[in-house]
Amino acid sequence: MKAPVRVAVTGAAGQIGYSLLFRIASGEMLGKDQPVILQLLDLPQAQNAVKGVMMELEDCAFPLLAGMVATDDPEVAFKDVQVALLVGARPRSKGMERKDLLAANAEIFTVQGRALNKVADRNVKVLVVGNPANTNAYIAMKSAPDLNPNNFTAMLRLDHNRALSQIAAKTGKAVADIEKLAVWGNHSPTMYADYRYATINGESVKTMINDHEWNRDVFLPTVGKRGAAIIEARGLSSAASAANAAIDHIRDWVLGTNGKWVTMGIPSDGSYGIPQEVMFGYPVTCENGQYKIVEGLEIDEFSRERINFTLAELEEERAGVAHLLG
Ligand code: NAD
Ligand code: LMR
């Protein structure tokens, strides 16, 4: 039996938490042979609800669940964790843009970045889900100077999965057969889902669709505004699909993608002209617990415009929190 991996989940009493924890404990994230210890963080007033979730986790009798901790103290929750899913934040409600959450949530990620810096495993893999995810991940990274900045990531995988399913519907092909999709930039309506290099069973998706207007006027707005459409329809923000994307993101990062492209929000290394450290969605492949940007893609004029647009939004968000980072 492998030694258990300590996994922190913040916002454990929330709706994403409820869709996420059972799947982590059942081995869907780190593998069916990998025991886990769940370290659950939520606010003091949510501790009772967390206890209820833990009772349900116990009642599943998951063979891989080797222990659980519930706390309202980030330094307890993050102690020695190898994976940290930062979900807890205030979600957006009807009529709000994600950047309206910036001020409300920036403080949370400063405190949590510092706590990770102090007590987490030195190789901790951090995924920020709480919105605005890219900028929150940037804040956490900047608040943790002793950890490798490359270990801080933001969730763009939901946008990636949404784009896959729209392409599958448009082409009438199976989602599983689509490869080489890229999503650039911010987890927001400005993200640029780019299928120019995508293939289905080796055939070009761009050639198959051959409809620039559909790309610009239907596909990109549908993917970009999907979060708002779900809030409008459900009265609550996406939860099960967000939890699913978080599982996909960490599983692929830890266990590898076998050469397949996935999208992760990562600190830029300057690739594709994105300033260093901007937490930007890139196409990556993962191997041996490391991600690597897919390099050498040609950026045409339309793509450059879209990438610049989403970058400008991220730069604006970054400027909006600069005063908090000293
Ligand atoms: P929710 O309101 O159901 O749950 C949030 C939980 O976080 C609550 O239990 C709350 O008490 C807790 N919390 C708040 N502040 C906290 C703190 N400082 N420390 C620990 N816990 C704290 O919300 P949800 O639907 O689970 O969504 C969580 C976040 O995920 C929101 O910011 C939402 O916008 C975001 N989200 C992101 C994506 C993405 O693709 N990146 C997708 C969906 C949702
Ligand atoms: C989503 O994309 O579903 C989430 O980011 C929730 C939101 O506020 O849109």
ask   = Quick check, is Lys260 under 18 Å from the mean Cα position of the chain (by Cα), within 25 Å of Ile307 (Cβ to Cβ) and without any contact (Cβ under 8 Å) to a residue 40 or more places away in the chain?
value = no
message = Please return the ranges of helices (runs of 4 or more DSSP H) entirely within region 153-247 where 3 or more residues are free of Cβ contacts under 8 Å to residues at least 24 places away in the same chain.
response = 157-171, 226-234
ask   = Here are Val278, Val205, Val284: which of them is away from ligand 1 (no atom under 15 Å from the Cβ) and in contact with a Leu (Cβ under 6 Å, 6 or more places away or on another chain)?
value = Val278
Selection from region 232-260 of residues that are near ligand 2 (Cβ under 9 Å from one of its atoms) and modelled with pLDDT under 95 = Ser237
ask   = Given the residues Thr222, Thr199, which is the only one that is of a type in the set (Val, Ile, Thr) and either within 16 Å of ligand 2 (Cβ to nearest atom) or in contact with a Ser or Thr (Cβ under 6 Å, 6 or more places away or on another chain) (or both)?
value = Thr222
Lone qualifier among Ala243, Ala229 - being over 22 Å from Ala137 (Cβ atoms) and aliphatic (A, V, I, L, M) = Ala229
message = Condition first: farther than 24 Å from Ala242 by Cα and not small (Gly, Ala, Ser). Now tell me which residues in region 261-286 satisfy that.
response = Asp269, Tyr272, Ile274, Pro275, Gln276, Glu277
message = Looking at region 71-81, can you tell me whether even one residue there is away from ligand 1 (no atom under 14 Å from the Cβ), among the acidic types (Asp, Glu), within 22 Å of the chain's Cα centre (by Cα) and more than 20 Å from Ala242 (Cα to Cα)?
response = yes
query = Got a number for residues in region 87-134 being modelled with pLDDT of 95 or more, touching a His at 6+ places or on another chain (Cβ under 9 Å) and in a helix (DSSP H, G or I)?
reply = 2
task = Could you grab me the full set of residues in region 102-112 that are buried (at least 21 other Cβ atoms within 10 Å of the Cβ) and either within 13 Å of ligand 2 (Cβ to nearest atom) or without any contact (Cβ under 8 Å) to a residue 12 or more places away in the chain (or both)?
result = Asn105
inquiry  = Just checking, does region 16-31 include any residue being within 12 Å of ligand 1 (Cβ to nearest atom) and without any contact (Cβ under 8 Å) to a residue 24 or more places away in the chain?
reply    = no
request  = Go through region 226-256 and give me each residue that's touching a helix residue (DSSP H, G or I) at 6+ places or on another chain (Cβ under 9 Å) and more than 9 Å from ligand 1 (Cβ to nearest atom).
outcome  = Arg226, Ala229, Ala240, Asn244, Ile247, Asp248, His249, Ile250, Asp252
Lone unmet requirement of (1) in contact with a strand residue (DSSP E or B) (Cβ under 7 Å, 6 or more places away or on another chain); (2) within 13 Å of ligand 1 (Cβ to nearest atom); (3) assigned to a loop (DSSP other than H, G, I, E, B) for Ala137 = (3)
request  = Would you mind stating whether Glu313 is within 16 Å of ligand 1 (Cβ to nearest atom), among the charged types (D, E, K, R) and either surrounded by fewer than 17 Cβ atoms within 10 Å (Cβ to Cβ) or modelled with pLDDT of 95 or more (or both)?
outcome  = yes
query = Can you name the residue in region 26-45 that is within 19 Å of Ala77 (Cβ to Cβ) and surrounded by fewer than 22 Cβ atoms within 10 Å (Cβ to Cβ) and, of all such residues, is farthest from ligand 2 (Cβ to nearest atom)?
reply = Pro35
query = Just for region 195-226: of the residues that are closer than 13 Å to Ala163 by Cβ and of a type in the set (Gly, Ala, Ser), which one is surrounded by the fewest Cβ atoms within 10 Å (Cβ to Cβ)?
reply = Gly224
remark   = Only one of (1) surrounded by 15 or more Cβ atoms within 10 Å (Cβ to Cβ); (2) among the acidic types (Asp, Glu); (3) not in a helix (DSSP H, G or I) does not apply to Asp146, and that is (1)
query = Just checking, how many residues over region 113-142 are surrounded by fewer than 24 Cβ atoms within 10 Å (Cβ to Cβ) and either within 13 Å of ligand 2 (Cβ to nearest atom) or small (Gly, Ala, Ser) (or both)?
reply = 1
remark   = Taking region 52-96 and keeping residues surrounded by 14 or more Cβ atoms within 10 Å (Cβ to Cβ) and over 28 Å from Trp253 (Cα atoms) leaves Met96
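The values are calculated or read from the model by the stated rules, or taken from the named source; none is laboratory data. Because the structure is a prediction, the values reported are computed rather than measured. Neighbour counts run over all protein chains shown; Cβ positions are idealised from the backbone, glycine included.
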